Amino acid sequence: MKITHAETIVFVSDIARSTAFFRDVLGQPISHDYGQILMCEHGFSIHDGPDLLEKIYKKPGAFPRVPQGKDNIDIYFETDDLEGALDVVVKSGAGVIHPIEVQPWGQRVFRFHDPDGHNVEIGDPH
């Protein structure tokens, strides 16, 4: 088997709110916007959680309010301006988990929660 494409899809509770956060706050370039799914460049997408669960399990209306963001995923980005990114995130009101710290492998990163409570990490390129 040869895999020709890989993408991570994160379930979100409010696609419009999460689109605004990832597009406008984090500056993620959008490659496709299909309403219920937003595909960013670099292999990252968000999808309306209840909508996707209905498609997967073929049970319309079965998942009206599925909790998202259980600290069980880390969405990772890199930037050349880590201090500027932290400033933008703080000004957005996102809950910062920790400020810029040096990791054991020498990379500087900070972590925060997206609107659904998913862990998001931004680090220096390494």
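The values are calculated or read from the model by the stated rules, or taken from the named source; none is laboratory data. Model, not experiment: these values are computed from the prediction. Note that we place each Cβ from the backbone using ideal geometry, even for glycine, and neighbour counts take in every protein chain shown. Side chains included, ligands, DNA and RNA excluded: accessible areas come from the protein's heavy atoms. Shrake-Rupley method; radii C 1.70, N 1.55, O 1.52, S 1.80 Å.
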D for region 1-57, whole µm²/s, Stokes-Einstein with Kirkwood Rh over alpha-carbon pairs at 20 °C and 1.002 mPa s: what number?
-> 182
Using only Cα atoms, tell me the angle between helix 82-92 and the longest principal axis of the chain; keep it within 0 to 90° and round to the nearest 10.
-> 50
The long-range amide H neighbours of Ile73, using H built 1.01 Å from N in the peptide plane and a cut-off of under 5 Å, are Asn119
Neighbours of Glu41 by Cβ distance under 12 Å: Lys/Arg at +1, Asp/Glu at -1, summed charge 0
Probe 1.4 Å - accessible area at Glu78, Å² to nearest ten = 90
Lysine pairs meeting the criterion (Cα under 25 Å, 8 or more apart or interchain), as found in the chain = 4
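Hey, could you grab the Kirkwood Rh for the chain? Inverse mean 1/r over distinct alpha carbon pairs, Å, one decimal. Could you put the intermediate results ahead of the total?
Working: mean 1/r = 0.0643 Å⁻¹.
After inverting the mean inverse Cα-Cα distance, the result is 15.6 Å.
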DSSP-loop trypsin sites (Lys or Arg not before Pro) across region 52-119, with at most 15 other Cβ within 10 angstrom = Lys58, Arg65, Lys70
Two-decimal Rg/Rh across region 31-102, once Rg and the Kirkwood Rh are taken from alpha-carbon atoms | 1.06
